[in-house]
Amino acid sequence: MEHWSPTSITDTGTQPHSVAARLARDPKVVCAGGFILFLILLAIGAPLIAPKDPLAQNLLMTTVPPVGFADAEPGFLLGTDGLGRDVLSRVIFGSRVSLTVAFVAAGLACLIGSLLGLMAGFLGNVVDALISRLVDVWMAFPPVLLSILLVALLGTGLHSVIAAIVVIDWTRFCRVVRTETMGQAQMDYVVAARTIGFSRPSILFREIFPNVVPVLIALLTLEMGIAVVVEAILSFVGLSVSSDTPTWGGMIAEGRQIVHEAWWVLAAPLAALFATVVAFNQIGDGLARSLDPVLRR
Amino acid sequence: MADDLLVARGLVVSYGRHAGPAVLHGVDIHVGKGETVGIVGESGSGKTTLGRALLGLVKPATGSVVFDGNDITTLDERARRPLRRRMQMIFQDPMSSLNPRHTIGRILTEPVLLHGVARDRQTALALVYGVLDRVGLSRETVDRYSYELSGGQRQRVGIARAVVLRPDFVLADEIVSGLDVSTQAQVLRLLKELTGEMHLALAFISHDLSVVRSICQRVVVMREGRVVEEGPCERVFAAPQAAYTRMLIDAIPLPTVDPGWLTRGASVEATTTA
Amino acid sequence: MTAPRLSIEELSAISLRDGDRPILRRVALSVGTGEVHGLVGESGAGKSTIAKAILGIIPSQVKVTGGRIGFEGRDLLSLSAAELRAVLGRDIALVPQDPSTALNPSRRIDAQMTDGLRLKRGLAMKEARLRARALLEEVQIRDPDRVLVSYPHQLSGGMRQRVLIAAAFGLEPKLVIADEPTTALDVTVQKQILRLIRSLQERHGTSVLFVSHDLGVVAKICDRVTVLYMGKVVEQGATVEVLAAPRHAYTKALLAANPRYDRPDTGLEPTPPELIAALRAEIAAFDANAGTGPRDG
């Protein structure tokens, strides 16, 4: 590596390590990633992939069990619900709502929270005091009531679900990013950048932000899992999108009522929900684990 | 003095906003052009804070830091920018002073481009290659990240970064603490050669008096935010005037067997330390 | 000649993580009763591995592949966990390197010091506390009562190290392993601590294995010294002889690389590449002969 022969007895380099490489080696993360990718494809291609129209009711074919059980019908892989609608197609279409909320809500919460967190962490003093106080006060509001209030004000629909999540969860990003930023600002390479003469905004974006991004991404993926669950809860209580659009939470609500006659109507969306949240968590977890050694090395 | 590059007078620095505890209690120090001055002290001596004050990284409550005729304590960040090129720093921990997300090449070319020493990436890279050669690192290092290098290599990148802008003054803050003795010797030798070649003024902060003796011409001994003694290394080490300096020198264990060493000076220490 | 207290014979170990790279190469050393034995080497030489082997705390990625650690007529490597626990603390104690991490920040000094006394000597709390106080006086802490009720963060580094030394010597062990005990301390405090260790050791007739990378420190406190390079003993003998007339090239290089305030031109002699090559060759030859080299395939 050096162009003289090594002159120090114990000086040796270490092997290159990239986050992506390390992640790729973890089977759980790879599976989780694959599943989310699959889900995204499913959501995008829902109209083409879903075997039936999720809204088409067929009152002659209600509560048909999934394929493999007695009385199943070949066209309905996961059976039908109380109104004869194909469960599989509804689950597939339901992924659209869940993923939209996951990406948009988590993304927005991340954006707003991070910007404020960066400002608070880097500028310190008055700005930090103001933002921190804001976060403290904000977090004192009970989240559930806040969401209900928002939905009441904005009316039911995807926009209010997203708004509810953003309004509550931005504080999480703000706090974490603020702490990370403050930690980074202590690093000697920030001091080095100052001695070289870089301007403050320049230091924030070249030196500090890139080191905050990894933690942010980990938090973002975890937040996506949370967003999916929150949407499911809201649609469970009927505060999400209109009852026409299939949502996993809505399906769970319906399925719960006929769980004894048609358990699959509850099981299918529940399984999908579970798998999705676990997948997001695995990715977030894997990211958090693999980023630490790089930063601490 | 005519040949002084950096003169600090009456530096008082405290932590915290207003009446926080003072870390420096009125420190005077001067560094001549091309001169290597050691700043020694134990923990709590304020030597690191002094270094930062000299570079204008902390604002003193009172006192002045005059660099080549400019009092940097009165300048704002923008006015200081052109002077920044001429005053650089090498850090103790190259791990935390090299951004793990940047390649070494980027770390070294950016300052050059920022100050217009080179106009484009090609020229900047050529300059960087030259510096890398000089510090004994291969050209492939530009594509590496800090965590891929050994401690000695990282420290050499730190030195490269400090000298790539051809400054007039460099502050080295405990740059060899934590290095193996053989790596330390390489780094010290490199530094000594560079300061000679580039006629660099160097302020070398260290807790290790023996290291200071090997490369410094003058030494400033600090204790609890004050300068206790100051003078040419030869004189200070041969005939220290302050009791603290004597105690400090005496406490250094030389690699020769000396049965009386352990018990010598016990009574003096008992009254002066915790 | 009386039998040595500690007798390490042919100790070999490999790193399982690095393709079975050898960490220790047939290390042999002995520490007599009342002797302070220095173990010198740069980082990576294997000195802390030896200390850990004696204490039975070798990390899982390191494997001992041969040798014997004789202590009081028994081979420490062959003892069961329970037997080893009985020996440690009572007969073998450790003075660790970093006083700030070796003490529990949320427990008071008296609690931490009496742990060992109550566990190993079966003392009741009251007696243990009295003994702890006496120990603190023995390490020349002027205000033992105050220190006893303090938390670690309220004490200076030197003070903390004294507490740890008191705890180590407090059980009157036969062997104390001092793992770079003064590296984290200021030089004036270091001298006091070295003086303290020496006086305690002389008073109790304790044997000390003093691990250090600093030849100066070793010169002042160790009767005999072992020089380690890449896990292999390259020189061994009375400190006075090894330092005044080193025989191995590595020892000479180490001495030359050490700056000395009484010799202004020292400390700038990096080890020449030819010497490194020669040392590497010596190690390779040793491996080939002794079968301690990394295995192929």
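Restricting the first member to the range B:58-75 and to residues that are over 17 Å from B:Ser14 (Cα atoms), and the second to residues that are of a type in the set (S, T, N, Q) and part of a strand (DSSP E or B), the beta-carbon pairs closer than 9 Å and six or more apart or on different chains are B:Asp71/B:Ser64; B:Ile72/B:Ser64; B:Thr74/B:Ser64. Taken over the range B:100-143, the criterion of being over 12 Å from B:Val164 (Cα atoms) and of a type in the set (Asp, Glu) is satisfied by B:Asp120, B:Glu140, B:Asp143. Can you name the residue in the range B:156-169 that is touching a helix residue (DSSP H, G or I) at 6+ places or on another chain (Cβ under 9 Å) and more than 10 Å from chain A (Cβ to nearest Cβ) and, of all such residues, is nearest to B:Asp3 (Cα to Cα)? Restricting to residues being touching a helix residue (DSSP H, G or I) at 6+ places or on another chain (Cβ under 9 Å) and more than 10 Å from chain A (Cβ to nearest Cβ), the top hit is B:Phe169.
Residues in the range A:230-268 that are touching a strand residue (DSSP E or B) at 6+ places or on another chain (Cβ under 9 Å) and in a helix (DSSP H, G or I): A:Trp264, A:Val265. Identification of helices (runs of 4 or more DSSP H) wholly contained in the range B:42-135 with 1 or more residues that are basic (Lys, Arg) and within 14 Å of chain A (Cβ to nearest Cβ) yields B:47-54, B:77-84, B:104-114, B:121-135. With of a type outside the set (S, T, N, Q), crowded, with 19+ Cβ neighbours inside 10 Å and assigned to a loop (DSSP other than H, G, I, E, B) as the only criterion, which of C:Ile57, C:Ile141 stands out? Step by step, each of C:Ile57, C:Ile141 is checked, and only C:Ile141 is of a type outside the set (S, T, N, Q), crowded, with 19+ Cβ neighbours inside 10 Å and assigned to a loop (DSSP other than H, G, I, E, B).
Within the range A:171-200, the residues that satisfy the criterion of being among the hydrophobic types (A, V, I, L, M, F, W, C) and either in contact with a Pro (Cβ under 8 Å, 6 or more places away or on another chain) or surrounded by fewer than 23 Cβ atoms within 10 Å (Cβ to Cβ) (or both) are A:Val176, A:Met182, A:Ala185, A:Met187, A:Val190, A:Val191, A:Ile196, A:Phe198.
Does the range B:213-224 contain at least one residue that is surrounded by 19 or more Cβ atoms within 10 Å (Cβ to Cβ), in a loop (DSSP other than H, G, I, E, B) and within 11 Å of another protein chain (Cβ to nearest Cβ)? Scanning the range B:213-224, I find at least one residue that is surrounded by 19 or more Cβ atoms within 10 Å (Cβ to Cβ), in a loop (DSSP other than H, G, I, E, B) and within 11 Å of another protein chain (Cβ to nearest Cβ), so the answer is yes. Across the range C:6-21, not a single residue is classified as under 24 Å from C:Glu83 (Cβ atoms) and at pLDDT below 90. Scan the range B:1-22 for residues that are touching a Ser or Thr at 6+ places or on another chain (Cβ under 9 Å) and either modelled with pLDDT of 90 or more or exposed (fewer than 13 other Cβ atoms within 10 Å of the Cβ) (or both) and jot them down. Listed by number, the residues that qualify are B:Val7, B:Ala8, B:Arg9, B:Gly10, B:Leu11, B:Val12, B:Val13, B:Tyr15, B:Gly20, B:Pro21. Taken together, the residues in the range C:143-178 that are of a type outside the set (D, E, K, R), more than 21 Å from C:Lys191 (Cβ to Cβ) and free of Cβ contacts under 8 Å to residues at least 24 places away in the same chain amount to 2.
Of the residues in the range B:23-41, how many are within 12 Å of another protein chain (Cβ to nearest Cβ) and surrounded by fewer than 19 Cβ atoms within 10 Å (Cβ to Cβ)? Final tally of qualifying residues: 0. A single member of B:Ala243, B:Ala239, B:Ala266 is hydrophobic (A, V, I, L, M, F, W, C), more than 21 Å from C:Leu255 (Cα to Cα) and touching a residue at least 24 places away in the same chain (Cβ under 8 Å), and it is B:Ala243. Here the helices (runs of 4 or more DSSP H) wholly within the range C:78-136 that include at least 2 residues being over 26 Å from C:Gln154 (Cα atoms), within 25 Å of the chain's Cα centre (by Cα) and not charged (D, E, K, R) are C:81-87.
A residue that is out of contact with any helix residue (DSSP H, G or I) (no Cβ under 6 Å at 6 or more places or on another chain), within 10 Å of chain C (Cβ to nearest Cβ) and small (Gly, Ala, Ser) occurs somewhere in the range B:201-212.
Set side by side, the residues C:Ala45, C:Ala13 differ, and just one is within 14 Å of chain B (Cβ to nearest Cβ), under 21 Å from C:Asn289 (Cβ atoms), surrounded by 18 or more Cβ atoms within 10 Å (Cβ to Cβ) and not acidic (Asp, Glu), which is C:Ala45. Filtered by the rule that a residue be buried (at least 19 other Cβ atoms within 10 Å of the Cβ) and acidic (Asp, Glu), the range B:225-250 gives B:Glu229, B:Glu230. The set of residues from the range B:136-173 being charged (D, E, K, R), in contact (Cβ under 8 Å) with a residue 40 or more places away in the chain and part of a helix (DSSP H, G or I) comprises B:Asp143, B:Arg154, B:Arg161. From the list B:Tyr129, B:Tyr147, the one residue that fits, being modelled with pLDDT under 90 and hydroxyl-bearing (Ser, Thr, Tyr), is B:Tyr147. Answer yes or no as to whether C:Arg118 is at pLDDT below 85 and among the charged types (D, E, K, R). The answer is yes for C:Arg118.
Reported count of residues in the range A:227-240, each being of a type in the set (A, V, I, L, M, F, W, C) and crowded, with 22+ Cβ neighbours inside 10 Å, is 5.
Scanning the range A:236-274 for residues that are free of Cβ contacts under 8 Å to residues at least 24 places away in the same chain, more than 25 Å from A:Ile40 (Cβ to Cβ) and among the β-branched types (Val, Ile, Thr) gives A:Val237, A:Val259. Here A:Thr12, A:Thr62 are screened, and the one residue that is closer than 30 Å to A:Pro214 by Cα and either at pLDDT 80 or above or not in a helix (DSSP H, G or I) (or both) is A:Thr12. Could we say that B:Gly225 is over 18 Å from C:Tyr261 (Cβ atoms) and not hydrophobic (A, V, I, L, M, F, W, C) here? Yes; evaluated as a whole, the condition is true for this residue. Residues in the range A:15-34 that are part of a loop (DSSP other than H, G, I, E, B) and modelled with pLDDT under 70: A:Gln15, A:Pro16, A:His17, A:Ser18.
The values are calculated or read from the model by the stated rules, or taken from the named source; none is laboratory data. Bear in mind the structure is a predicted one, so any value in this text is a computation, not a measurement. When we count neighbours, we look across all protein chains shown, and the Cβ atoms used for this are built from the backbone with ideal geometry, even at glycine.
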